[in-house]
Amino acid sequence: MKIQTTVLAAAVLISLSMGAQAQTQANSNKKIETIRVLGTHAPIAVGQIAGSVTIIDEARIRASGGIGITDLLRTVAGVNIGKTGTAGSLSEVRFRGSESNHVMVLVDGVAVNDVGQGGLTDFSHLLLANISRIEILRGPQSAIWGSSAIAGIISISTKGASSNKLQVSTNVSAGNKSTYSASAHFGQQLSDFGFKLNTSTYKTGGENISRTGFEADGYRNTDLSGGINYTFSEDSRIDISARILNYETDADGYDFSTGLVGDGNVVAQGDQISLGLNWHFTPLTNGQRNGIYSQLLSLQYSKQDTDNFTNNAFDRMSQGEKLRVLWSNRFEFTPNKWLNMGLESTNEDFEQRGPAFTSGLNQNRSNDTWSLVTDGIYAITNALSLSASYRYDNNDEFDNADSYRVGATYAVNNDWRVFVSQGQAITNPTFIERFGFFPNSFLGNPNLTPEQQKSTEIGIEGAFNSVSVQLNWFSAKLENEILGFVFVPATGEFTADNASANSSRDGLELSLQGQFKTLTWQAQYSYLDASQGNSIELRRSRHIGSLSTTYTIDQQHQVYLQADYTGTKFDNFFPPAGAAQIVTLDSYWLLSANYQYTYSEHLSASLRFSNALDAEYEDVFGYNTDGSTVLLSVRYSL
């Protein structure tokens, strides 16, 4: 890893001497697009992306009064939510029938997928208190972002600063189930320096995860994030972000007599750290920032520690670390014709420990990858643009691999556009799938091969009158799907194995949004046909939908309503004796509401009802989920 980083740094130094020679074209009047969507390594207009994009801004986040990010992800087409319990329990997100570790999640530009927990992201720990923007890009993105982006990306931005005046805001909340939360934001942006600091804490007594018993399973979450940016000169600037998260989740244990989760004293304690550092360099020509060449040097680091306890005794721990270094060179001939070329080094480390006598748990593993990355856009006319991205991975554990995505967008007129894209993406087997060990339960398979998916997407989007429409069709074929629970009769344990049959995921997504006077609304419906061989994929609903509205009554009163539908899905049940069974999870509706009262420009209050009708539902067989929750909040800002 040290050799890789040294070589990469040397290449950057060489490029600095070449930068001035690349300044052969100029366009001093061009505007830099400030929309940040993750279809490339640089800012890009949404209309240039040959794919499905959804953006949730700060105004909508605040209007919803939501607690966790999954409250709003339910309103996004193609997204399936799966919760194994109540607040703080594992919450997974699947795009278009994918696995949860096929979705890459970035917080302030740093990937936070948990290497130590199978490469997935537990969305229960991502609360909305200090989030200002959520960008969702569906479809294969491995060519840009590597393994874990086979189904798409979710990019989360924490609150920043946009004014030279010091910004300060605080929020305190209280609700049923002994729920309390508080958050604060500070930020300021000057001409050459800016900073942000966000903190939040959340605690709830929770509810019982098990179907039996009366023990409430609580949850605690404390988050601290911040960042600075500094412009050294006209040609050089740097931005740094950091985030620290600490949580504790109460849970229930597996009851071998019933094959279901039962009341128990199980606790998970976790710490997460992420750090991002980006240096942007644009050589000047005759003192002017008008050349075609610029470069980015980016370092991203994340670490997740999870300790598990049963009956107050240490059970096991896992730790995952990921370090990614990217050197990217950009040649922008015009705003609609540009090319990025870069080198990337990625190092992943995995550690697992158990009680001293459980030697099988104790292990350290690592995985290094060198990558060549390139992407670009070429506008043939003002209406027609072509885009492409390509990645070559040289991995020390798996065969070298290629990922790509090509697409085209065509603007029919000023209101409508169509796009088509085709891509190939990979996901490497995780450390847990290859080397995980849980006594008398699971033993990893070191002989797994990477999953590979080829997909096609066609979409049309536009607007008529005051209604915006987006309609997408997609089709994906997944080879070598890794099945995480394959029973081995000889040992009585489960393992992971590559499926012999291909998996297919086909579907349609319809998104609508509009405005009538002071009423804004969004609606979505998604249809999914996902199968693995001749079997239906588990924990995926064929039909999902959502409708949300924000009604601003006057300057002081605002009402938000959200109704989410999750259709029937299926899951495995492992009884105490006999073979596994396929069981049905019933469809359900969730209704949420938020009323906001603005007393002045500095002071406001809101009352949030989550699952207002107290619907009883399960996303995973045998695990209860959150009932009705009421939260009263007061916000003050300077």
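Some values worked out for this structure:
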{"read-out": "Complete set of residues in the range 354-377 that are assigned to a strand (DSSP E or B) and of a type in the set (A, V, I, L, M)", "value": "372, 373, 377"}
{"read-out": "Qualifying residues in the range 608-638 (those that are open to solvent by 60 Å² or more (accessible area, probe 1.4 Å) and not β-branched (Val, Ile, Thr)) - the one nearest to residue 260 (Cα to Cα)", "value": "623"}
{"read-out": "When residues of the range 470-491 are limited to those that are aromatic (Phe, Trp, Tyr) and within 22 Å of residue 429 (Cβ to Cβ), the one nearest to the chain's Cα centre (by Cα)", "value": "485"}
{"read-out": "Scan of the range 488-506 for residues that are within 22 Å of residue 529 (Cα to Cα), open to solvent by less than 30 Å² (accessible area, probe 1.4 Å) and either touching a Pro at 6+ places or on another chain (Cβ under 7 Å) or part of a strand (DSSP E or B) (or both), ordered by number", "value": "503, 504, 505"}
{"read-out": "Cross-chain or 6+ apart pairs with Cβ under 6 Å, the range 209-226 first and over 29 Å from residue 258 (Cβ atoms) and at pLDDT below 95, then open to solvent by less than 40 Å² (accessible area, probe 1.4 Å) and in a strand (DSSP E or B)", "value": "none"}
{"read-out": "Count of residues meeting criterion [of a type in the set (A, V, I, L, M, F, W, C), open to solvent by 30 Å² or more (accessible area, probe 1.4 Å) and either free of Cβ contacts under 8 Å to residues at least 60 places away in the same chain or part of a strand (DSSP E or B) (or both)] in the range 574-607", "value": "8"}
{"read-out": "Some residue of the range 480-487 being buried (at least 16 other Cβ atoms within 10 Å of the Cβ), touching a helix residue (DSSP H, G or I) at 6+ places or on another chain (Cβ under 8 Å) and of a type in the set (Val, Ile, Thr)", "value": "yes"}
{"read-out": "Residue within the range 131-139 that is within 22 Å of residue 371 (Cβ to Cβ), touching a residue at least 40 places away in the same chain (Cβ under 8 Å) and not in a loop (DSSP other than H, G, I, E, B) present", "value": "yes"}
{"read-out": "Selection within the range 448-479 - open to solvent by 20 Å² or more (accessible area, probe 1.4 Å) and small (Gly, Ala, Ser)", "value": "463, 466, 468, 475"}
{"read-out": "Of residues in the range 556-573 being modelled with pLDDT under 95 and more than 15 Å from residue 541 (Cβ to Cβ), the one least open to solvent (accessible area, probe 1.4 Å)", "value": "573"}
{"read-out": "Where a residue in the range 345-371 is farther than 27 Å from residue 440 by Cα and its partner, wherever it lies, is hydrophobic (A, V, I, L, M, F, W, C) and modelled with pLDDT under 90, with Cβ under 8 Å and at least six apart", "value": "345/1; 345/8; 347/1; 368/1"}
{"read-out": "Within the range 143-171, tally of residues that are open to solvent by 20 Å² or more (accessible area, probe 1.4 Å) and in contact with a Leu (Cβ under 6 Å, 6 or more places away or on another chain)", "value": "2"}
{"read-out": "Candidate set: the range 407-447, residues that are aromatic (Phe, Trp, Tyr) and either out of contact with any Asp or Glu (no Cβ under 9 Å at 6 or more places or on another chain) or part of a helix (DSSP H, G or I) (or both); chosen: the one least open to solvent (accessible area, probe 1.4 Å)", "value": "431"}
{"read-out": "Single residue of the range 378-396 satisfying the filter (in a strand (DSSP E or B) and among the small types (Gly, Ala, Ser)) that is farthest from the chain's Cα centre (by Cα)", "value": "379"}
{"read-out": "The one condition in (1) farther than 20 Å from residue 529 by Cα; (2) under 22 Å from the mean Cα position of the chain (by Cα) that residue 467 fails to fulfil", "value": "(2)"}
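This table checks each residue for (1) surrounded by 19 or more Cβ atoms within 10 Å (Cβ to Cβ); (2) in contact with a Lys or Arg (Cβ under 7 Å, 6 or more places away or on another chain); (3) under 15 Å from residue 89 (Cα atoms).
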| residue | (1), (2), (3) |
| --- | --- |
| 216 | no, no, yes |
| 225 | yes, yes, no |
| 228 | no, no, no |
| 233 | no, no, no |
| 246 | no, no, yes |
| 252 | yes, no, yes |
| 261 | yes, no, yes |
| 276 | yes, no, no |
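Results for (1) open to solvent by less than 20 Å² (accessible area, probe 1.4 Å); (2) among the β-branched types (Val, Ile, Thr); (3) under 24 Å from residue 49 (Cβ atoms), shown as yes or no for each residue.
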residue	(1), (2), (3)
334	no, yes, yes
341	no, no, yes
355	no, no, no
388	no, no, yes
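The values are calculated or read from the model by the stated rules, or taken from the named source; none is laboratory data. Note that this is a predicted model, so its numbers are computed, not measured. Neighbour counts run over all protein chains shown; Cβ positions are idealised from the backbone, glycine included. Areas reflect the complete protein model, heavy atoms only, side chains present, ligands, DNA and RNA absent. Shrake-Rupley method; radii C 1.70, N 1.55, O 1.52, S 1.80 Å.
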